[in-house]
Structures are given as structure tokens and as C-alpha cells.
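Only one structure is covered here, and it is reproduced in the block below.
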Protein chains: 2
Amino acid sequence: MSASATRGQIVSVADRLFYEQGYEATSFADIAAEAGLSRGNFYYHFKAKDAILEAVIAARMADTRTMLESWEDGASDPLERIRSFAHIVIRNQAKIMAHGCPVGTLCNELAKLEHGAKGDAAGVFVLFRDWLAEQFAALGRERDAEALALHVLMRSQGIATLATALGDEDFVRREVRAIDQWLEDQLPAVTRPLQE
Amino acid sequence: MSASATRGQIVSVADRLFYEQGYEATSFADIAAEAGLSRGNFYYHFKAKDAILEAVIAARMADTRTMLESWEDGASDPLERIRSFAHIVIRNQAKIMAHGCPVGTLCNELAKLEHGAKGDAAGVFVLFRDWLAEQFAALGRERDAEALALHVLMRSQGIATLATALGDEDFVRREVRAIDQWLEDQLPAVTRPLQE
DNA sequence: GTCTATAATCCGATAGAC
DNA sequence: GTCTATCGGATTATAGAC
């Protein structure tokens, strides 16, 4: 296999295992076994575990950009686009209940490890935040677009964490509906600030 | 030192290190060093790492019950009691930005490890949920008390996760204010105190 | 590019002296 | 109850054959 193909295979497997098992709990042997190559061959492609993590984060950034573009292509209405985001927790419910949100759980783990890549991992949140803020701005909420974006992100993270801990499907559906309701309440030309 | 005192010392140190570094990343050597005893002596008090985890979770359950009682003693108004909970993320802001919410991050880690104690760890969430539901019931929201309780829990978890990832203090303050505002919007008009 | 073999380290856990 | 010494296994990482 070519070097780039093998490298891509490693990143793909590592991406999934880091999500399912966590970064530290995933060993080189785990990745090598599922990627179908020996441990020794690993160091030809990645000299250290940190390097794989950076490649996985870069891949997630690229995947996220692709997903955001597909939501833009799928709906011209900014409100519908924001709903596309809010409904991830339902579409990926089974995975989230088993392993949480890939972004939130990785940031939490890297924070505890005091790993320098925490900021890189949080970059996926920044991608979502800025994209959501664009949609809110398009809805006429330019002034507090970023605050509204972070509010939606916050709720999706809270839902994911409690879904993992408690495994309550009704709770997930109910809270996603509450986001939909909240979104519509933001719609009217009335400029209602989030705070105060 | 007596056995129970040493055991308590181990649990206290393990509690803090599990929070700061994570469960798996904390070794027996780490705990032993900070508790001031040898690795070998460990197994007199805890025969396995799982046993320490269970003791830590039991200690957190007890601490949480104590905290809930102190909030009950500190305020007779259920709304004020709920605010006591919502404001944890501000009181513990520095720790949360560094290591996340102790309950949420532990549940996430145990979920990825497929560790049987995940349900026990989630028991702290259940304590908070039931206590919050009691307060909402006392405010006249008996019918949806549990859903309201989970909503508050969800928001505090979302705030904690984003605070850890992004380190934005303004975001934390703004979202706690938004919870306060939401709380007042939940009050049935009849139970609202007369202004004078 | 891929492999085997192995070094060096750390882990959880045990045995036994005191 | 506390200690030292140590086992067996897993881990990251390297060296070198092919």
C-alpha cells in the first residue's frame, strides 16, 4: 500500500478508537491491529502518539467543514441550517449515548492530561460556533450572533453529556424540541438580548 | 495512623487526582506519593483500583448530599435553592475551566472505558436531579418537575464543557444569567411574591 | 514500506518481613 | 498497618533485516 493510503487508514482507525475508547486508553497496538499492520511499521508514518492525535484533529476539522457545507447546500434557510446542527444529537443518538460527543469528550480528556493539543481540539467547536453565528447573523441577529451560537453549542453539549450518563432517550428528544422552540422564539424582529 | 484514617486519606487524594487527571491517568504511585505511603501498603486498604473508584464515588455521593442539605438550610425559597445549584459553575469556575465538571467528565471517561461503575458515577446526577425536581415541585410545577430539573442539569453541563474547551469567562457569566432568567420565566404567576 | 525483535519504562497486583 | 522487593504484563519507542 502507498504511504499516504496507509497513513489515511491509520488516521481513520485512530479517529474512531480515540472516540470510542478515549485517547489515552487507545494504544498503538489497538490501532495497528485494526489497521492491519505491525506496531513497528507505525513509526514510519507517525513518530509519536501526539502526531497521530494532531492528524486525527486535522481530519475532524476537515470532516466538520464538509458537514457544514452539506448543511449549507441542503437548506438555504438559516433557521433550517441551525436545526440541522441541533438535530445531530438525535441522528447520532446511539453513538452519543455510548461514547459522548467526540469534540466535548476529547477536549475534556486533553484538559485533564494538560495536553497542548486541547486548543486544537477545541478548534472544531470554533468552527461550529462561527458557522452558527453566520446563520444567526443572516437571521438579523448580527449583534449577538456569537452569543446565540454558543448558546446552541452549550445546549447540545449538555444534552450529549446527560445522554451518556443517564441514557434517557425521552430526555434527548424533549431537549432537542426545546431547542427548536427556543430557535423560533429568537426569530421575530424583536431584538431580545440573551442576557439580563 | 489508624486504618480508617489512612483509608480516608487515600480516598481524599484519589478523589482530587481522579478529578484533576482523570481516573485512568492516575496511577497507584500517584495516589500513594501524595497520600504519603508506599505502593505496597495500598493493597491493605483497597484490593483493586476499581475499589478505590467505588469509594471515591461513594464519598462524592455523601459530599453532594451534604451540599444539598446546606443549600436547603441556606434558603427556604425553592427558587433561591435552585439558583444555589446554577451558580456552582461560577463559584468553581477556575477548577471547571481546568478540569471540567467532576461528575460529567467521570461519567464520560467511564463510558468510554465501558466501566461498570458508570451507573454509580451517574448516581450523583440522579441526586441533583431529584433534589432539583423537589424544588420545582415546591414551586407548583409537580407535573414536569423532573423534566425541568434535567433541563437545569443539562445547561450546567453544557456550560462546564464549553468553559473547559474555550475558557471564556464572559460566556459562563452570560449563560448563568440566562438560567436565572429562564427560572423566573418558569414561575407560575400565582406563586410569584408580591412586590411592595 | 513493512516486518521482527527488543529496549526501557510503567502499570496493577502480590508476597512476605517487621 | 506499613514497609521493601518483585512478578507478569502492557506500553511507547527504537534498531535493523528484508
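Using alpha carbon centroids, what distance separates region A:103-134 and region B:100-172, in Å? If we compute the Cα centre of each part, the gap is 20 Å.
Among the listed pairs A:49/B:118; A:118/B:49; A:95/A:118; A:95/B:49, which are separated by more than 25 Å between their Cα atoms?
Working: A:49/B:118 27 Å; A:118/B:49 27 Å; A:95/A:118 22 Å; A:95/B:49 27 Å.
A:49/B:118; A:118/B:49; A:95/B:49, as the Cα separations exceed 25 Å there.
Accessible surface of chain A, 1.4 Å probe: 49 percent of it comes from carbon and sulfur atoms. Between copies, the label points at residue B:92 (set 7 angstrom from Cα along Cα-to-Cβ) are spaced 2.6 nm, reported in nanometres from shortest to longest. When Lys and Arg each count +1 and Asp and Glu each count -1, what net charge do the other residues less than 9 Å away from residue A:71, Cβ to Cβ, add up to? Combined, the nearby Lys, Arg, Asp and Glu give -3.
Shown here for region B:56-126: chymotrypsin sites (Phe, Trp or Tyr not before Pro) in loop regions (DSSP other than H, G, I, E, B) with at most 15 other Cβ atoms within 10 Å, of which there are none.
Couplings for region B:179-184, taken from phi via the Karplus curve 6.51 cos²θ - 1.76 cosθ + 1.60 with θ = phi - 60°, read 5, 4, 5, 4, 4, 5 Hz in order; Gly and Pro are left as x. To the nearest 10 degrees, how steeply does helix B:118-138 sit against the main Cα axis of chain B, on a 0 to 90 scale? With both axes taken from Cα atoms, the answer is about 20 degrees. When the protein assembly as shown is described by a simple charge dipole with +1 on each Lys and Arg Cβ and -1 on each Asp and Glu Cβ, the residue from A:53, A:75, A:138 located farthest towards its positive end is A:53. So for the pair residue A:30, residue A:187, with labels modelled 7 Å out along Cα→Cβ, what separation do we get in nm? Simple spin-label model gives 4.4 nm for this pair. Relative to the longest principal axis of the Cα atoms of chain B, helix B:145-166 runs at roughly 60 degrees. Sorted shortest first, the distances from the residue B:130 label point to those of the same residue in the other copies are 4.7 nm; each point sits 7 Å from Cα along Cα-to-Cβ. Report relative contact order for chain A in percent, whole number only (criteria: Cα-Cα under 8 Å, sequence separation at least 6). Across chain A, relative contact order equals 21 percent.
Ordering A:90, A:102, A:154 by Cα displacement along the dipole of region A:59-190 toward the positive end leaves A:102 in first place; charges were set at the Cβ atoms of Lys, Arg (+1) and Asp, Glu (-1). Taking 18 Å as the cut-off, the amide N atoms of region A:45-65 that come nearer than this to a point 7 Å along the Cα-to-beta-carbon line of residue A:130 belong to A:57-65.
Percent of alpha carbon pairs in region A:102-196 separated by more than 15 Å?
Numbers: 2970 of 4465 pairs.
Beyond 15 Å sits 67 percent of the P(r) for region A:102-196.
When the trypsin sites (Lys or Arg not before Pro) in region B:106-180 are filtered for DSSP coil states and for at most 11 other beta-carbon atoms within 10 Å of their beta-carbon, the remaining sites are B:143.
Calculate for chain A the 222 nm mean residue ellipticity that helices alone would give, adding -39,500 (n - 2.57) per DSSP H run of length 4 or more and normalising by residue count, nearest 500 deg cm²/dmol.
Details: 11 runs with 152 residues, N = 196.
One gets -25000 deg cm²/dmol as the mean residue ellipticity at 222 nm.
A quarter of the convex hull surface defined by the alpha-carbon atoms of chain B gives 13.0 nm² as the mean projection. Could you report region B:23-65's accessible area per residue, 1.4 Å probe, as an integer in Å²? Per residue, region B:23-65 has 51 Å² of solvent-accessible surface. Residues of region A:113-140 that lose at least 30 Å² of accessible area (1.4 Å probe, protein heavy atoms only) when the other protein chains are present, relative to their chain alone, are A:118, A:125. Around the Cα centre of chain A, unit charges on the Cβ atoms of Lys, Arg, Asp and Glu (plus for the first two, minus for the last two) sum to a dipole of about 400 debye.
For the protein assembly as shown, the convex hull drawn through the C-alpha positions has a volume of 157 cubic angstrom per residue. Between helix A:3-21 and chain A there is an angle of about 60 degrees, using the helix long axis and the longest principal axis of the Cα atoms.
For region A:33-92, run through the trypsin sites (Lys or Arg not before Pro) and keep only the ones in DSSP coil with at most 12 other Cβ atoms within 10 Å of their Cβ. Don't skip to the end; give the middle numbers.
Working: sites: A:39, A:47, A:49, A:60, A:65, A:81, A:83, A:91; in loops: A:47.
Here the trypsin sites (Lys or Arg not before Pro) that fit, given the DSSP loop and packing criteria, are A:47.
Computed over region A:1-116, the range of Cα coordinates on each principal axis works out to 51, 34, 27 Å, biggest value leading. Rounded to the nearest 20, the Cβ-based charge dipole of the protein assembly as shown about its Cα centre (Lys and Arg +1, Asp and Glu -1) stands at 820 debye. Starting from the label point of residue B:48 at 7 Å along Cα→Cβ, the same points in the other copies fall at 3.5 nm, in ascending order.
The values are calculated or read from the model by the stated rules, or taken from the named source; none is laboratory data. All values reported here derive from a predicted model rather than from experimental measurement. Note that we place each Cβ from the backbone using ideal geometry, even for glycine, and neighbour counts take in every protein chain shown. Remember, those area values only see protein heavy atoms, side chains included, never the ligands or the DNA or RNA. Shrake-Rupley method; radii C 1.70, N 1.55, O 1.52, S 1.80 Å.
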